[in-house]
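Right, one structure below, let's go through it.
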Protein chains: 2
Amino acid sequence: MPHSALDLQQDAARLTARLVDFPSESGNEKALADAVQEALSRLPHLSVDRYGNNVVARTDLGRAERVILAGHIDTVPIAENVPSRLDEDGLLWGCGTSDMKAGVAVQLRIAATVPEPNRDLTFVFYDNEEVAAHLNGLGHVAAAHPDWLAGDFAVLLEPSQGQVEGGCQGTLRVRLSMRGIRAHSARGWMGANAIHAAGPVLERLAGYRPRRPVIDGLEYREGLNAVGIEGGVAGNVIPDLCTVTVNFRYAPDRSEQEALEHVREVFAGCDIEEFEVDDSSPGALPGLSHPAARAFLAAVGGEPQPKYGWTDVSRFSALGVPAVNYGPGDPNLAHKRDERVETALITRCEERLRSWLTA
Amino acid sequence: MPHSALDLQQDAARLTARLVDFPSESGNEKALADAVQEALSRLPHLSVDRYGNNVVARTDLGRAERVILAGHIDTVPIAENVPSRLDEDGLLWGCGTSDMKAGVAVQLRIAATVPEPNRDLTFVFYDNEEVAAHLNGLGHVAAAHPDWLAGDFAVLLEPSQGQVEGGCQGTLRVRLSMRGIRAHSARGWMGANAIHAAGPVLERLAGYRPRRPVIDGLEYREGLNAVGIEGGVAGNVIPDLCTVTVNFRYAPDRSEQEALEHVREVFAGCDIEEFEVDDSSPGALPGLSHPAARAFLAAVGGEPQPKYGWTDVSRFSALGVPAVNYGPGDPNLAHKRDERVETALITRCEERLRSWLTA
């Protein structure tokens, strides 16, 4: 076996270590994508496609349902935490261990060891998840080959500490600008202060009472926050512009449009001169009532949780595929210098997926 | 007469043009200071001192009162508006015409043409007024040779459109910082938003009712304004710091310390974690009740006005010398590309000073 090849017969913990030692920072995934494609192509029960550095492999057994197992192969920049290191307590340390080479290892192990699953399977390995949304490989595949992503249910193996996390919040970022009239501060009455005009906006934010709706049994907590404010020309000038950037994280029972209307309503009457949408990504409903999701929940066990962050499950949701996060990593360790994963959790996650797909 | 010499026998308008065509941006005043010193040294009734690029000349006639006529010789950077140009309407255009080569020309004309004034005279020509306060030549002279600035009354020939402007406002700039707890905006409840915490500060500013005290018959208008606000870490982070910079312009019946205490009181209870003085310069009382000032007012005529900006009269005030602004330029044209001065006003200003000093 050449040095660059992946051995899918080794256990998931060893395979995770191998993947971590195969650096693949965002934008530099080609070598790993090559290795994944090569390893999957050796499996006769899969047909393999590639688009850029995204690899998609499928069974085609004519099953009644099709399930997607998806994960990104890139990591944030290495922070002197590669190669990986396994300690005495069974913790594997290194960049990408939790986010999400452990999940990718589970995908590869299922691909290699379940040739006759009870549901047809689609494995998606994609690039550039850790960088700007427009670079995201899953988005590129969805745009160029939406048929590759057809399915009844998707599991994204993002770190969720071995718990099922349903759906995800939507996020909306808006820039609210107040205008004034510039003047020398020694003659302030000649001007109109745009920073003072932002007071009512901050007051509405401070007094905002977020909803906590329950959807498919999961409680979501919304939030509306200023994430930036700027204003000022010079130390002796009444400023004529002040901009507050607000971020609304909303439960997936609101659409993007409804979220926008809500934010407009919150600030109605605040004398905002410009209302500019800076960023908007819809949420994803947990979809836990779908039969495939119910069977999955029964097989993997535990209490499903809401996902507060925004993840790529939203992309599946937009394609009409209910999706959940379920992976062995710890989301709180993602992107940290001391990132690590419990190897026992990798094994358990692999076993539970296998039992669901072979029962 | 060599090319670099100043002819103090030409009228004040021509002398102003000559001074404008002798570029002296802040930091480059040496050649002009040399020329001023040389011209004054040719006048037998004056003794001349120099400190850096600051020139001080005095009569010593044993009069009962001593009056100071002061002006800065530097200008802001030239903006394609040199050499000067006299138009058909008697307007002289160019960098520094109003601020304040016209005033300097009047000083030089009085020095040259009033050898036996009714009050002893001190002429002060100083550098670096248009830049940071610590570079100001008048401040350097005050620190090194305070005796050179002794006197009963001072006239600063800053542009005041031929009106007497009494005293000046004080200015205080303070940075108010609110602290919070950083968190991911998808889990806003884990943090505390420092921008939201600035709401009460903006509310106090918007509701602030400035005083309009009358001092020596002049009405001063105070003002308290935000001149800057900043906060924000990233588009998905609850910010842990927000800083509002406020500028208090206050009437000269408050001391620096009283102004600071007032600002502290205004924001009492606003949950400010840091209160940092960024800049502070005291005001100057108009001193119009002083006998020398009364005689000056009677001679030059017109209704005295309060000075809203901060000027170097404050430095004289700190030395115990009452001071006013009185000069031929237009303060609203200072620092502008289309800066200009009415030559008729230069002549009138010179004549009125002469009649006061020779009556």
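Sites listed here are trypsin sites (Lys or Arg not before Pro) in segment B:273-359 whose DSSP assignment is loop and whose Cβ has at most 12 other Cβ atoms within 10 Å: B:337.
When the convex hull of its Cα atoms is viewed from all sides, chain B shows a mean projected area of 20.4 nm². Can you give me the C-alpha center-to-center distance between segment B:289-314 and segment A:148-194, rounded to a whole angstrom? Segment B:289-314 and segment A:148-194 have Cα centres spaced 55 Å from each other.
For the protein assembly as shown, taking Cα atoms only, Rg and Dmax work out to 37.4, 116 Å respectively. Helix A:102-113 axis versus longest C-alpha principal axis of chain A: approximately 30°, rounded to the nearest ten.
Each Lys and Arg contributes +1 and each Asp and Glu -1, all at the Cβ; summed about the Cα centre of the protein assembly as shown, the dipole is approximately 780 debye. A Förster distance of 51 Å, applied to the separation of the beta-carbon atoms of residue B:4 and residue B:179, puts the FRET efficiency at 0.30.
Along the charge dipole of segment B:170-281, Cβ charges K/R +1 and D/E -1, which of B:200, B:238, B:263 sits furthest on the positive end? Positive-end residue among those listed: B:238. Measuring r between the beta carbons of residue B:219 and residue B:298 and using R0 = 25 Å, the FRET efficiency lands at 0.75. State, as an integer percentage, the relative contact order of segment B:219-359 based on alpha-carbon contacts under 8 Å between residues 6 or more apart. The value is 18 percent. Only the Cβ atoms of Lys and Arg (+1) and of Asp and Glu (-1) were treated as charged; on that basis the dipole of chain A about its Cα centre amounts to roughly 400 debye. Just to confirm the number: angle between the C-alpha axis of helix B:256-266 and the first principal axis of chain B, 0 to 90 degrees, nearest 10? In chain B, helix B:256-266 runs at an angle near 30 degrees to the longest axis. Within the protein assembly as shown, DSSP assigns beta bridges of which about 75% are antiparallel (rounded to the nearest 5).
Taken over the protein assembly as shown, lysine pairs spaced eight or more positions apart, or on distinct chains, with alpha carbons under 29 Å apart number 10.
Loop-located trypsin sites (Lys or Arg not before Pro) in segment A:176-210 (DSSP state not H, G, I, E or B) with no more than 16 neighbouring Cβ atoms inside 10 Å: A:182. With a 10 Å cut-off between alpha carbons and a GNM built on chain B, which of B:162, B:287, B:62 moves the most? Of B:162, B:287, B:62, the Gaussian network model singles out B:62 as fluctuating most. GNM remark for chain B: springs join alpha carbons under 10 Å apart, and the peak mean-square fluctuation among B:293, B:111, B:142 falls on B:142.
Against the main long axis of the alpha-carbon atoms of chain B, helix B:291-300 sits at an angle near 70°. By the Cα gyration tensor, segment A:15-98 has an equivalent ellipsoid whose semi-axes, rounded to whole angstrom, run 28, 16, 11 from largest to smallest.
Computed over segment A:170-281, the quotient of the alpha carbon radius of gyration and 2.2 N^0.38 Å is 1.25. Estimated from helices alone, the mean residue ellipticity of the protein assembly as shown at 222 nm is -7500 deg cm²/dmol (sum of -39500 (n - 2.57) over DSSP H runs with n ≥ 4, per residue). The residue among A:229, A:215, A:183 whose Cα reaches farthest toward the positive pole of the charge dipole of segment A:170-281, with charges on the beta-carbon of Lys, Arg, Asp and Glu, is A:183. If you take all other residues with their beta carbon under 13 Å from the beta carbon of residue A:183, and give Lys and Arg +1 and Asp and Glu -1, the sum is +3. Take chain B, connect every pair of alpha-carbon atoms lying under 10 Å apart with a spring to form a Gaussian network, then pick out the residue of B:12, B:251, B:198 with the largest mean-square fluctuation. Most flexible of the set in this elastic network: B:198. Taking the Cα centre of segment A:170-281 as reference, the dipole from Cβ charges on Lys and Arg (+1) and Asp and Glu (-1) amounts to some 420 debye. Averaged over the residues of B:232-242, the number of partner chain Cβ atoms lying within 10 Å of the residue Cβ comes to 4. Within segment B:235-261, what residues put their amide N at less than 17 Å from the label point 7 Å along the Cα-to-Cβ vector of residue B:275? Output list for this probe position: B:243-249, B:255-261.
Here, each number is a calculation from the coordinates, and none is a lab measurement. Computed from a predicted model, the values in this text were never measured in an experiment. Heads up, the Cβs are rebuilt from the backbone with ideal geometry, glycines too, and the neighbour counts pull from every protein chain shown.
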